[in-house]
Amino acid sequence: MTEADQITPLPPHLRKLRLRRSEVAEYLLAAHGIEIAPSTLCKWATSGSGPPFDRLNRTPLYPRVGVDAWVASKLKPAT
């Protein structure tokens with residue numbers, strides 16, 4: 001269970017180990033307060049700048065821990 005799960009209970013469909021792209025967009029908003037469209041995640045996937053993902057046939061699946069690590073790497077302390 002991640003820290004985000006402990007603070008704000010996530011809906012059951014967002015508690016899976018791997019999420020589809022639309023679920024990642026919803027998860028980022030629910031768990032981190034970051035609004036990113038699925039189309040932006042798609043664009044980042046083609047350029048390699050978004051969260052890490054695997055493919056099952058043609059379906060991109062994002063490991064939730066990878067998404068959390070990606071967010072942590074992008075956040076910088078306020079100055």
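Can you pull out every residue in region 12-28 that is farther than 11 Å from ARG64 by Cα and modelled with pLDDT under 95?
Hits for region 12-28 are PRO12, HIS13.
Scan (1) hydrophobic (A, V, I, L, M, F, W, C); (2) touching a residue at least 12 places away in the same chain (Cβ under 8 Å); (3) part of a loop (DSSP other than H, G, I, E, B) for the single condition ALA78 breaks and write down its number.
It is condition (2) that ALA78 fails.
Just give me the residues in region 23-79 being more than 13 Å from the chain's Cα centre (by Cα) and of a type outside the set (S, T, N, Q), in sequence order.
LYS43, GLY48, ARG55, LEU56, ARG58, LEU75, LYS76, PRO77, ALA78
Just to be sure I understand, how many residues within region 27-40 are closer than 16 Å to PHE53 by Cα and of a type in the set (D, E, K, R)?
Qualifying residue count for the region: 0.
Could you list, in sequence order, all residues of region 26-63 that are in contact with a strand residue (DSSP E or B) (Cβ under 9 Å, 6 or more places away or on another chain) and within 17 Å of LYS74 (Cβ to Cβ)?
Across region 26-63, the qualifying residues are TYR27, LEU41, ALA45, GLY50, PRO51, PRO52, PHE53, TYR62, PRO63.
Restricting attention to region 15-60, which residues are surrounded by fewer than 17 Cβ atoms within 10 Å (Cβ to Cβ), part of a strand (DSSP E or B) and touching a Lys or Arg at 6+ places or on another chain (Cβ under 9 Å)?
ASP54, LEU56, THR59
The values are calculated or read from the model by the stated rules, or taken from the named source; none is laboratory data. On a predicted model such as this, the values are computed, not experimentally measured, just so you know. As a convention, Cβ positions derive from the backbone with ideal geometry for all residues, glycine included, and neighbour counts pool all protein chains shown.
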